[in-house]
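Data block below; observations after.
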Amino acid sequence: RYERLREQMISWDGQELMAPIVISLGAREKEAANSGESRLAELGISFAVTEEGIAITSVPEVLVGSDGLEDFLHDLLIELASAPDGAEESCATMLPSCVRVEARSKPTRD
């Protein structure tokens with residue numbers, strides 16, 4: 001799937017946000033974010049941990065301005081939390097189907 005996304009010229013480079021997006025997380029999601037930080041970075045997602053969850057500081061360009069960004073992040077963290085320990089699966093192959101569809105329909109800038 002990742003190769004297919006690359007072939008479609010989707011940019012997963014992180015786009016710095018002007019203001020962080022604070023997302024409240026449950027304990028399981030917060031642990032998934034902490035343990036999956038490098039996998040999330042593969043997708044251009046960076047964050048800082050807060051008391052109530054995380055403050056997203058960058059997201060992939062393909063998701064900038066997306067109305068479903070918070071839902072996407074929750075879905076992705078649930079996928080990370082559900083992955084077997086030590087799984088080497090690329091985060092891009094774990095993308096929730098909602099972003100796969102959005103990514104196919106959104107062109108990148110050159």
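Would you please give the residues with an amide H less than 5 Å from that of L25, counting only those at least 5 places away or on a separate chain, with H modeled from the backbone geometry?
The answer is G53, I54.
So how much slack lies between I21 and I78, counting 0.36 nm per residue of separation and subtracting their Cα-Cα distance, in nm?
18.7 nm
If each of R28 and D13 carries a label point 7 Å out from its Cα toward its Cβ, how far apart are those two points in nm?
3.6 nm
Give me a comma-separated list of calculated 3J(HN,Hα) values for the stretch 47-53, in order, Karplus coefficients 6.51, -1.76, 1.60 applied at θ = phi - 60°, integers in Hz, x for any Gly or Pro.
3J(HN,Hα) across the stretch 47-53, in whole Hz: 7, 10, 7, 10, 4, 8, x.
No value in this document is a laboratory result; all are computed from the given coordinates. None of these values were measured; they are calculated from a predicted model. Note that each Cβ is placed from the backbone with ideal geometry, even for glycine, and that neighbours are counted across all protein chains shown.
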